[in-house]
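Heads up: the structure comes next, in structure tokens.
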There are 2 protein chains.
Amino acid sequence: MTPQGEGLRDRRRRETRLEIHRAALRLARKHGFDKITVDMISAESGVSPRTFFNYFPNKEAALLLGPTELPSALAAEFVAAGTASPREVLADVTRLLLREMADNSPERATMHDVFALAQTHPPIHAALLARIEGFQKSLADAVAQRMGQRPEDEMPSLIAALALTAVRTGLERWSREVPQSAENDSPIPYVERAMELLRTLSAD
Amino acid sequence: MTPQGEGLRDRRRRETRLEIHRAALRLARKHGFDKITVDMISAESGVSPRTFFNYFPNKEAALLLGPTELPSALAAEFVAAGTASPREVLADVTRLLLREMADNSPERATMHDVFALAQTHPPIHAALLARIEGFQKSLADAVAQRMGQRPEDEMPSLIAALALTAVRTGLERWSREVPQSAENDSPIPYVERAMELLRTLSAD
DNA sequence: CGCAAAGTTTGCAGAGCATGCAAGAATTGC
DNA sequence: GCAATTCTTGCATGCTCTGCAAACTTTGCG
């Protein structure tokens, strides 16, 4: 998780970014996103307001820390698996996403909070949707590459959209259902259930 | 389209709203969304900047005029069709949406422009996604009601999401493919194609 | 018609968001 | 240890959006 060859400068930058993110999330949980300001977040995280905008393009972005694209290592591995039928590819994509979520357990509490906040705060919801959409696009690119199609062809987009719809539906339910994010509390069963229902809807 | 029992006041309100919307779209097409201001839109549409915000909550919203929910008449009709299997309901939803799009031909040029602008302007894209999400939620509610399920159950959400994914994919391709919105140029074949591919993906 | 109630427009003030710029501080590589 | 690079910060500025109150318009009713 912590890159090896990084110097002091890189480490500090990563830490500052995380610090701002955590401060934003803490304050948003406490007061509600619409009641906090960039000044408050900056003060809470010990940087100047101007510096806040060196790390995040806007207030919403500070809440959304995760990757905005499919990590290229995973993408490469996925593409290398070779051509397959659309249905097989879809099944592979869902497996890929589930595995990725299983690995990223530390981020779970954050994901829970962000999804919960999004339910009640339209600007966060919009930002979250845009973020997911970007991820979906990079996923669709990987799918297209694996299927030997062009990125603008519909099938890869549809496959990526289906898979992420299941993920999103599962995460939304999880964040609604489970009020406090306890230890060892995983969204994965929820996502699996959504994927299962999607399969039912397809091939019953 | 033009309600009968509306007085002068209502008519003016509707006209002003449309006027602002058209001004916003015209300017956004011409200069790009990030280059225009609320002051410019207000001037172009002949109202004060303050009045702009009486009609729209923010700059993005002025571009998105359409309904934010499934019209209640359609919802009622849909629900009345009675219980059916998930797959049948999904097929019905896609039919419903296609019919609705066929009827709304006047809005096509606008839809084309908005989708095209969204491709290049992240804030519009986010606003559009949020709008679609809201529509999807109301659609899911209708589906839930028809299937005798609760709104927070997953199946209705998944059905609504699938149908709107097809619509969205079709519209995106349409707006990318067809640069100028000519007369008699319809997105419907594109949406139908996306729906067809989705079926292929399910039951092949 | 005429008048009171309700709704609409506008200006003004003010808080907050976001960006460019330049000066100063810290880190890096040599 | 020094020059180059990168990061932080303050300042100035423009834009977004809201609350409030005054002026104006429409409406409904006597």
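Throughout, read-outs are computed from the coordinates displayed, never taken from laboratory work. Note that the structure is a prediction, hence the values are computed from the model and not measured. No Cβ is skipped: glycine too gets one built from the backbone with ideal geometry, and neighbour counts run over all protein chains shown.
Against the main long axis of the alpha-carbon atoms of chain A, helix A:188-202 sits at an angle near 40°. Farthest toward the positive end of the dipole of the stretch A:95-146, out of A:144, A:115, A:126, is the Cα of A:144, where the dipole comes from beta carbon charges about the Cα centre.
Just to confirm a number: summing +1 for Lys and Arg and -1 for Asp and Glu over residues other than residue A:168 whose beta-carbon lies under 12 angstrom from that of residue A:168, what do you get?
Overall, the nearby charge balance is -2.
Each Lys and Arg adds +1 at its Cβ and each Asp and Glu adds -1 at its Cβ; summed about the Cα centre, the protein assembly as shown shows a dipole of about 1180 debye. Each residue of the stretch A:149-154 was assigned a 3J(HN,Hα) from its phi angle through the Karplus curve 6.51 cos²θ - 1.76 cosθ + 1.60 (θ = phi - 60°); the sequence is 10, 7, x, 8, 5, 6 Hz, with glycine and proline shown as x.
Can you find, among B:195, A:162, B:174, the residue farthest towards the positive end of the dipole of the protein assembly as shown? Put +1 on the C-beta of Lys and Arg, -1 on that of Asp and Glu. Of the candidates, B:174 comes out farthest on the positive side. When each of the peptides B:147-153, B:92-98 is scored by how many other beta carbons lie within 10 Å of its residues on average, the order from highest to lowest is B:92-98, B:147-153. Relative to the other identical copies, residue A:10 shows label-point distances of 6.5 nm, where the label point lies 7 Å from Cα along the Cβ direction and values run shortest first.
Counting Cβ atoms of other protein chains within 10 Å of each residue's Cβ and taking the mean over peptide B:79-86 gives 1. Taken residue by residue and averaged, Cβ atoms of other chains lying within 10 Å of the Cβ of A:120-129 number 4.
Please report A:159, B:36 as a ranked list, fewest other C-beta atoms within 10 angstrom at the top and most at the bottom.
Numbers: A:159 27, B:36 18.
The order, fewest Cβ neighbours first, is B:36, A:159.
Which lysines does residue B:137 reach when only Cα atoms under 28 Å apart count, and residues fewer than 8 places away in its own chain are ignored? Cross-link targets: A:30, A:35, A:59, A:137, B:59.
Per residue of chain A, the DSSP helices (runs of n ≥ 4 H) give a summed -39500 (n - 2.57) that works out to -23500 deg cm²/dmol at 222 nm.
Counting other beta carbons within 10 Å of each residue's own, what order do B:141, A:34 fall into, fewest first? All intermediate terms of the calculation are to be shown ahead of the outcome.
On the way: B:141 19, A:34 12.
In order of increasing Cβ crowding within 10 Å: A:34, B:141.
Taking Cβ atoms as reference points and 12 Å as the exclusive limit, the residues near residue B:140 contribute a net charge of -4, counting Lys and Arg as +1 and Asp and Glu as -1.
In this Cβ point-charge picture (+1 for Lys and Arg, -1 for Asp and Glu), chain B has a dipole of about 620 debye about its Cα centre. Each part reduced to its alpha carbon centroid, the stretch A:30-62 and the stretch B:52-101 end up 37 Å apart.
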